[in-house]
Every structure is written in structure tokens, then in C-alpha cells.
1. Identify the GluC sites (Glu not before Pro) of region 3-102 meeting these criteria: DSSP loop state and at most 16 other C-beta atoms within 10 Å of the C-beta.
2. Report Rg (one decimal) and Dmax (nearest whole number) for region 86-129, counting Cα atoms only, units Å.
3. Give the accessible surface of the chain per residue, rounded to a whole number of Å², with probe radius 1.4 Å and ligands, DNA and RNA excluded.
4. Of the heavy-atom accessible surface of region 4-129 (probe 1.4 angstrom), what whole percent is carbon and sulfur?
5. Would you work out the charge dipole size for region 26-129 about its Cα centre, treating the Cβ of every Lys and Arg as +1 and the Cβ of every Asp and Glu as -1, and quote it to the nearest 20 debye?
6. Would you mind checking the tilt of helix 48-65 against the longest principal axis of the Cα atoms of the chain, expressed as 0 to 90 degrees and rounded to 10?
7. Excluding Gly49 itself, what net charge comes from residues whose Cβ is under 14 Å from its Cβ, given Lys and Arg +1 and Asp and Glu -1?
8. Which of the trypsin sites (Lys or Arg not before Pro) found in region 1-49 are in a DSSP loop and have at most 14 neighbouring Cβ atoms, other than their own, within 10 Å?
Amino acid sequence: MKKIFNPPSVRRPFGNYNHGLLVPPGASLLVTSGQLGIGLDDDVPEDIGKQAEMCFEAIKAILEDAQMSFADVIRISGFVTKRQDFPTYMAVRDKYTLDPKPVSTLIIVSGFTRPEFLVEVEVTAAKIL
């Protein structure tokens with residue numbers, strides 16, 4: 001079982017995440033590459049919300065392929081190109097995360113490999129065996 005760490009000496013998290021999670025010995029670890037909002041047909045929606053959904057759906061498929069789910073995600077790193085996209089990204093993230101909430105970092109970046117990409121997401125998951 002994962003143990004949550006939100007010490008009273010540290011400001012509460014700004015959103016639906018925890019400051020720390022401890023994974024017990026013997027857990028199986030999965031680390032994903034950053035996923036972008038691009039379809040199999042190479043279509044890239046112009047909307048940040050749609051791109052974020054595609055990122056999380058890709059992560060869902062990777063997790064399922066590894067016989068895991070979002071319940072096993074312990075860390076999410078999100079990258080967006082515009083500060084005003086934080087709420088939209090976080091709303092999509094919150095639809096996918098399960099308890100205990102993972103630790104999470106969100107960073108503003110100047111861009112990605114192609115200018116139409118607005119968001120990229122990577123996760124680390126640990127399945128207790």
C-alpha cells in the first residue's frame with residue numbers, strides 16, 4: 001500500500017495531488033515518455049483540453065498494456081505552453097487520477113517539437129505486487 005505524505009509543516013497542495021508518496025519494496029515500476037495530443041492519423045486538435053485528453057488516453061493505453069491503471073500512477077509531470085491553460089489541463093488531469101492522488105508537477109515551457117503541440121504529459125506508475 002502506498003503511503004501519503006502531506007506534512008503539516010508544508011503548505012497544503014494547490015490541487016488534487018499529494019506532496020509525497022512512498023511505494024513499498026517489491027513494487028513493479030513503469031515510466032512513460034511524454035505523451036502529446038496527437039492521433040493515430042497525425043491530427044492535432046487546436047484545443048488544449050482535447051490535446052490533454054489525448055495525452056491521458058495514450059497514458060491509459062500504456063498503463064493497460066502494462067496491466068496497470070491510473071490507480072497505480074504515483075507521479076505526473078505536465079508541461080503546457082500557456083499559463084492560462086493550467087485550469088483546463090488540471091481539470092482533465094483530475095478526471096483521470098484516482099486515490100491516493102499522485103504527486104504532480106506542472107511546468108510552463110516555451111514550446112515543443114512542433115508549434116501546434118500545447119501540452120505534454122508523462123507519468124510514473126508503481127504496482128504493488
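The values are calculated or read from the model by the stated rules, or taken from the named source; none is laboratory data. Computed from a predicted structure; not experimentally measured. Ideal geometry is used to build each Cβ from the backbone, glycine not excepted, and the neighbour counts take in all protein chains shown. Accessible surface is based on the protein model in full, side chains and every heavy atom, while ligands, DNA and RNA are left aside. Shrake-Rupley method; radii C 1.70, N 1.55, O 1.52, S 1.80 Å.
1. Glu46
2. 13.0, 41
3. 58 Å²
4. 55 percent
5. It comes to approximately 500 debye.
6. Tilt relative to the chain: about 50 degrees.
7. -2
8. Counting only loop positions with at most 14 other Cβ atoms within 10 Å, the trypsin sites (Lys or Arg not before Pro) in region 1-49 are Arg11.
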